[in-house]
Amino acid sequence: MTKILVIEDEKIIGEMISMYLTDEEFSVYRVENGQAGIEAIRSYVPDVILLDLMLPDIDGIELCEQVRKSSDTPIIIISMNSKVNERVRALNAGADDYLVKPFSMQELKARIGVALRRYRPSVAEADTRSYIAAAAAPEMAVPDHGITLDLQKRLLIVHSQPVETTFSEFELMKLLFQYPGRVFTRDELINTLRGIDSYVNDRAIDVHITNLRKKLEHNPKEPRFIKTVWGVGYKLNLE
């Protein structure tokens, strides 16, 4: 059963979310402050975290950053604040999605589903992911190619040198590293970023890939790693 941790100090909202998700056959654990949330992440080990930004003991952005240093568990922000700069702050802090209150419970369930799909590969795909994890956890490294992803620090390292990436670029690179050789359609890549970049589209994906090539490739115009599959999308070539 999927485990949801709700960190929400408003009792009515927290209980409504908990009741709805329980009825939808999720396992739900709710706490009312940040410290209890940190303890619950360790003991309850949730599959998804729903995090309110206005907590009585700690700023939600700070808590998000703290969690992201040691965990890749999906974090969905639930907040009354609809300002763009606040959404950007949350996403830059490591949040995977952002829902503005009041929101539809059906939409919340759908957003949880999207977050889970990003972090739960199919059984066939899991073999590839397990191979990578066994080879280089907590890093994803490509032998003899000089490219490493440090998941905890969210760093792309090329020939031992850290390379700056945007949040979206890192998410794309992480997905490609998990499944080398697999061709991803633009729609699949868009779905990976949906919630991180509200304006993501085909053109945005192409721009992200172009920027990654500039950071990875010796000759970006003749890419060795991120290959275009014409009429379909992109893949990471490690051969």
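Some notes on this structure:
- Contact map, region 12-40: first residue free of Cβ contacts under 8 Å to residues at least 40 places away in the same chain and part of a strand (DSSP E or B), second residue surrounded by fewer than 17 Cβ atoms within 10 Å (Cβ to Cβ) and among the aliphatic types (A, V, I, L, M), Cβ cut-off under 7 Å, separation 6 or more or different chains; pairs are SER27/MET1.
- Region 3-33 - residue that is more than 17 Å from LEU99 (Cβ to Cβ) and in contact with a strand residue (DSSP E or B) (Cβ under 7 Å, 6 or more places away or on another chain) and, of those, surrounded by the fewest Cβ atoms within 10 Å (Cβ to Cβ): THR22
- Lone unmet requirement of (1) in contact (Cβ under 8 Å) with a residue 60 or more places away in the chain; (2) of a type in the set (Gly, Ala, Ser); (3) not in a loop (DSSP other than H, G, I, E, B) for ALA90: (1)
- Check on ILE61, in contact with a Lys or Arg (Cβ under 9 Å, 6 or more places away or on another chain), part of a helix (DSSP H, G or I), more than 17 Å from PHE103 (Cβ to Cβ) and of a type outside the set (D, E, K, R): yes
- Subset of region 151-183 that is among the polar types (S, T, N, Q) and outside any helix (DSSP H, G or I) - its residue that is surrounded by the most Cβ atoms within 10 Å (Cβ to Cβ): THR165
- Number of positions in region 34-77 that are over 17 Å from LEU116 (Cα atoms) and crowded, with 18+ Cβ neighbours inside 10 Å: 11
- Annotation: of all residues in region 216-237 being in contact (Cβ under 8 Å) with a residue 40 or more places away in the chain and exposed (fewer than 15 other Cβ atoms within 10 Å of the Cβ), the one that is nearest to VAL163 (Cα to Cα) is ASN237.
Bear in mind that the values in this text are calculations on the coordinates, not laboratory data. Remember, predicted model here, so these are calculated numbers, not experimental data. All Cβ positions, even for glycine, are placed from backbone atoms using ideal geometry, and neighbour counts span all protein chains on display.
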